[in-house]
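No lab work stands behind these numbers, since they all come straight from the coordinates. Keep in mind that this is a model prediction, so the values were computed, not measured. Positions of Cβ are backbone-derived with ideal geometry, glycine not excepted, and every protein chain shown enters the neighbour counts.
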Amino acid sequence: MSNDFDFNIDLNAIEEPDNDFSPIEEGTYELAAEEWEQKVSKNNNTYLKVKYRVLGPNYANRVLWVNFTITGANPAVAIRRLKEWIVAVGQEPGVLSAERMPGLMNQSFFAKVGIEESKDYAPQNKIVSFLQPKNTVTVTPQKTQPQATPTQSVPTATGASILTDWD
């Protein structure tokens, strides 16, 4: 070993990592997808594995993973959820392909996050629903001019006329 290399690293200034892997509280959170990959399951089904990060303010930087099984016996639920995610980030559903996936990364959206219980695994978070963005288009009603009510002059027995509303 050589003593030619001189260094002094202050290890007291290094923060302890946050190793809390317990689920975050159920609720609505702002998230963004960070990365994705296409994988094949043991049952030979293709799925997309997507990593989402909580943007905050509560539980900022915590991570959730979602697997969307897009082939197999019943891919309809996963495909519907992919569509909901695309709409939640403000994009038109269109066609989802590998070329489109990078355009979904780092796009913030809101989702309801729940806790999934299992007898085989510790409780973990899951995205219960992707929330559609609020419609920011305001429709203002057109003002209409009040219509004049037709009136008619009617003579009385004394010869004076009165105005009558015929509606």
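Over the range 25-130, what relative contact order in percent results from Cα pairs under 8 Å that are six or more residues apart? Intermediate values should be presented prior to the final figure.
On the way: 189 pairs, mean separation 31.1, N = 106.
So the answer I get is 29 percent.
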Can you tell me which of 92-105, 30-43 comes out highest on packing, and rank the rest after it, using the mean Cβ neighbours within 10 Å?
-> 30-43, 92-105
Spacing of the two label points (7 Å from each Cα toward its C-beta) at Ala73 and Ala60, in nm = 4.5
What are the radius of gyration and Dmax of the range 25-130, computed over its Cα atoms and given in Å?
-> 13.8, 39
Quickly work out the Ile14-to-Met101 label distance, labels modelled 7 Å from Cα along the C-beta direction, and quote it in nm with one decimal.
-> 3.4
